[in-house]
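Here the structure comes first, spelled out in structure tokens, and everything after it is commentary.
The values are calculated or read from the model by the stated rules, or taken from the named source; none is laboratory data. Fair warning: this is a prediction, and the values are worked out from it, not measured in the lab. Every residue, glycine as well, gets a Cβ built from its backbone with ideal geometry; the counts of neighbours run over all protein chains shown. Just the protein is used for accessible areas: all its heavy atoms, side chains included, with ligands, DNA and RNA removed. Shrake-Rupley method; radii C 1.70, N 1.55, O 1.52, S 1.80 Å.
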Amino acid sequence: METQKETHQFKTEIQQLLKLIINSMYSNQEIFLRELISNSSDALDKLRFKAQTDPDILGDDSQFKIKIVPDGIKQTLEISDNGIGMTHDEVMENIGTIAKSGTAAFLEALEATKSQDTLTPELIGKFGIGFYSSFIAADKVTLITKAAGSNTGVKWESHGDGSYSMEEVPKETRGTSIILHLKKKEKDGQDFTDEWTIRQIIKKHSDFVRYPIAMDVEKDEPLPKEEQILDKEGKPIGKTTKKVIREETLNSMKAIWLKNKTEITDEEYEEFYKHISHDWNPPAERLHLKLEGTIEYNALLYIPSNAPLDMYYPDAKHGMHLYCRRVFIMDDCKELMPEYLKFIKGVVDCPDLDLNVSREILQQNTLIRNIRRNLVKKIFELLNSMEKEAYDKFYNNFGQVLKVGIHSDFENKTKIADLARYKTTKSDGKLISLKEYVEKMQEGQEEIYYITGENLTALMNSPHLEILKEKNFEVLLMTDPIDEWVVQALTEYDGKKIKSAEKGDLELDKIDDDKKDEYTPLFNFIKVTLQDHIKEVKPSTRLKGSVSCLSGDTHDMSAYMEKIVKATGQKSPEIKRVLEINMNHPLMEKMKTIFEKDPGDLVLKDYSGLLFDIALISEGNKVLNPAKFSQTVGDLMADSLKV
């Protein structure tokens with residue numbers, strides 16, 4: 001039965017990506033073979049897992065295998081497997097799709113590398129583009145696949161020129177074959193049809209793949225005696241060997257996580273990390289565990305050296321793979337690692353787990369909860385043992401995610417707080433721990449002070465800190481949005497209360513009651529003038545040099561939190577704040593004099609608005625009426641320069 005060939009155009013973003021890949025020149029061309037073998041391994045994992053509940057799906061073909069077929073004459077390289085295969089719709093959905101994090105995100109990440117003509121190796125695979133790496137080495141790629149249980153196969157083909165074709169084709173066996181029509185070999189380039197080259201690539205990148213990676217190789221074997229020519233003395237004359245083709249397995253297939261640590265080299269650890277993470281960079285740290293006793297499991301965990309590009313995407317996958325006696329159960333196993341450690345990559349193999357376990361059952365599984373608790377404990381120990389320079393690099397990459405645990409994991413809240421790091425008003429731009437902060441607290445200081453905001457320079461110079469700086473008290477500068485949730489959950493540390501520098505009464509200075517009474521009429525006037533924007537006007541115990549600032553009550557939403565809520569498009573209740581005024585500032589004395597002479601003087605309203613605008617600007621916010629603000633400041637400047 002003849003079927004019609006379909007021709008489709010790649011999406012614009014994918015055409016851009018293909019152009020970058022095809023035109024890229026770098027030394028790691030061999031990466032494409034690792035990616036295609038990993039895809040085949042995934043397809044076999046999926047079939048093996050499905051066969052646990054549907055054994056008939058295997059039929060007579062139960063020996064899982066990945067086959068490499070090089071052809072030096074035709075200059076093709078075929079990678080095939082007898083895995084789960086794909087239907088027509090699955091080919092449409094999966095081949096030519098850059099993960100769920102999106103093509104736009106990938107291209108933005110590429111833009112961030114400031115390289116428009118070079119595709120860096122570490123980006124390959126991070127966004128599910130492993131299949132596309134074929135075009136690094138091939139002018140044309142042909143994919144033929146048949147889904148397990150399906151009656152027909154599907155052929156996909158593309159020259160990487162912006163379009164691809166699809167058609168139904170006969171295929172006897174399930175699985176997928178990818179045929180690469182190789183580019184002309186560059187001078188000093190690798191020959192991907194050469195047996196030795198293929199062996200080296202697989203040994204380097206895919207030795208630990210749990211399925212046999214096979215290839216037919218030519219060998220010399222002894223001639224059977226009946227085929228040998230013997231002399232009178234019975235000694236062979238002429239040829240004693242013959243050339244034969246034999247299928248040979250190229251990888252060891254040893255589950256690295258089950259091996260003894262002493263048997264594994266650093267290079268093997270790194271290559272396995274690249275296999276499960278699709279990250280070309282070596283990991284920052286690793287943790288290899290073997291637990292025996294009431295709970296038995298093996299685990300091999302890695303901390304990446306850099307944050308993945310899709311770490312903050314809601315649909316970004318967790319990096320944990322779950323096995324039972326080397327049988328793959330699932331990847332993206334969120335039940336093995338809390339959300340705030342989702343960047344951890346690795347494998348857990350638990351022999352006591354039911355092979356038919358579902359994600360819903362895992363959520364209630366006591367064994368999994370115990371493993372998770374132990375893994376988290378071990379990771380904390382690893383992080384605490386890191387050298388300062390290495391840990392600071394880790395924290396710059398993952399600290400924002402790690403701090404989520406302070407709000408979400410009550411059991412480990414204090415341990416995560418120990419791992420948190422902040423810049424402060426005294427740290428000269430360096431990160432310090434809360435423990436270090438407490439150790440350096442001044443005599444008489446009873447509380448840990450912090451201020452939140454998005455701009456470090458603005459926080460350092462915030463008028464809210466003036467009294468604290470005068471008393472030589474250090475202040476934590478919190479610039480991550482998650483810090484707003486951190487301080488809600490972490491109200492004290494090491495017996496010291498954690499207090500906002502911009503909310504509530506700092507109780508560090510006393511108000512002169514007599515002077516306060518003198519200013520009360522003016523403050524009431526300012527309050528009435530600004531009643532649409534503020535809820536109170538009061539003398540400040542924070543300010544020393546500045547004239548005004550805005551503060552909130554202890555349990556009010558901070559200015560930064562309000563900005564975060566608005567940025568997410570959520571509706572937040574209108575929160576009026578307190579306008580604090582420095583009664584010792586020369587401006588206030590002059591305003592009081594004018595007010596006492598003529599409470600109706602129009603300049604008082606202008607100055608009241610200016611006090612509010614100054615307070616807004618000092619915390620990094622925009623003034624409500626920029627034109628009015630500009631005019632008022634201009635008039636003031638003109639008056640001050642009169643000659």
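The modelled label-to-label distance between L508 and D60, using points 7 Å beyond Cα along the C-beta direction, is 8.4 nm.
Dividing the summed -39500 (n - 2.57) terms of all DSSP H runs of n ≥ 4 by the residue count of the chain sets its mean residue ellipticity at 222 nm at -10500 deg cm²/dmol. For the listed residue pairs K393/K423; K499/K527; K469/K496, the alpha carbons are over 23 angstrom apart in K499/K527. Near Y493, once Lys and Arg are set to +1 and Asp and Glu to -1 for all other residues with Cβ below 14 Å from its Cβ, the sum equals 0. Helix 602-618 and the longest principal axis of the C-alpha atoms of the chain enclose an angle of approximately 30°. Taking all protein chains together, E30, E507, E339 sort by accessible area into E507, E339, E30, largest first [probe 1.4 Å]. Pairs with C-alpha atoms separated by more than 22 Å, drawn from the list K46/K317; K11/K345; K65/K334; K274/K377; K67/K187, are K11/K345; K65/K334; K274/K377; K67/K187. Label sites at K204 and K74, each approximated as a point 7 angstrom past Cα along Cα to Cβ, lie 2.7 nm apart. Rounded to the nearest 10 degrees, the inclination of helix 366-385 to the longest alpha-carbon principal axis of the chain is 70 degrees. Residues K185, K413, sorted by accessible area with the largest first, give K185, K413 [1.4 Å probe; ligands and nucleic acids excluded]. For region 254-271, the Karplus equation 6.51 cos²θ - 1.76 cosθ + 1.60, evaluated at θ = phi - 60°, returns couplings of 7, 5, 4, 6, 8, 7, 6, 3, 5, 8, 10, 8, 4, 5, 5, 4, 5, 5 Hz by residue, with Gly and Pro reported as x. Per-residue Karplus couplings for region 45-52, computed as 6.51 cos²θ - 1.76 cosθ + 1.60 with θ equal to phi - 60°, are listed in order as 4, 5, 5, 4, 5, 5, 5, 5 Hz, Gly and Pro entered as x. Bridgeable aspartates and glutamates around K243 (alpha carbons under 20 Å apart, same-chain partners fewer than 8 residues away excluded): D71, D194, E195, D216, E218, D220, E221, E226, E227. Take K527: with every protein chain present and a 1.4 Å probe, its accessible area is about 70 Å². Rolling a 1.4 Å probe over the heavy atoms of the protein chains gives the chain an accessible area of 52 Å² per residue.
Per 0.36 nm of contour for each residue apart, how much would the distance between D220 and T520 grow if the chain were fully extended, relative to their Cα-Cα spacing?
Extra length available between D220 and T520 comes to 97.6 nm.
For E270 and N625, what is the calculated FRET efficiency with R₀ set at 60 Å and r taken between the beta-carbons, to the nearest 0.05? For R0 = 60 Å, the calculated efficiency reads 0.50. To the nearest 10, the accessible area of S133 is 0 Å² with a 1.4 Å probe.
H533 contributes an accessible area of around 80 Å² to the protein surface, as traced by a 1.4 Å probe with all chains present.
Taking 0.36 nm per residue of sequence separation and subtracting the Cα-Cα distance, how much length would be gained by fully extending the chain between E446 and E589, in nm to one decimal?
48.1 nm
Estimated at 0.36 nm per residue, the fully extended path between K576 and H8 surpasses their Cα-Cα distance by 198.8 nm. For region 487-583, the relative contact order is 35 percent, taking Cα pairs closer than 8 Å that sit 6 or more residues apart in sequence and dividing their mean separation by the residue count.
The E454 and K50 beta-carbon pair, evaluated with R₀ = 56 Å, returns a calculated FRET efficiency of approximately 0.70. Largest accessible area first, the listed residues W485, W280, W257, W196 line up as W196, W485, W280, W257 when surface is computed with a 1.4 Å probe on the assembled protein chains.
Our coupling estimate for region 572-577, obtained by passing each phi through the Karplus curve with A = 6.51, B = -1.76, C = 1.60 and θ = phi - 60°, is 10, x, 5, 10, 8, 10 Hz, Gly and Pro reported as x. Surface composition of region 285-418: carbon and sulfur atoms hold 47% of the protein heavy-atom accessible area at a 1.4 Å probe. The aspartates and glutamates within cross-link reach of K535, meaning a Cα-to-Cα straight distance under 17 Å and a gap of 8 or more places when in the same chain, are E502, D505, D553, D556, E562, E574, E580, D613. Counting only residues at least eight positions apart within a chain, or on another chain, the lysines with an alpha carbon under 18 Å from that of K242 are K219, K225.
Within region 511-546, name every residue whose backbone N is under 18 Å away from a label modeled 7 Å from Cα of S640 along the Cβ vector. Output list for this probe position: 545-546. Each of T241 and D89 was given a label point 7 Å from its Cα along the Cα-to-Cβ line. The distance between the two points is 5.5 nm. Computed from Cα positions, the angle between helix 388-402 and the longest principal axis of the chain comes to roughly 80 degrees.
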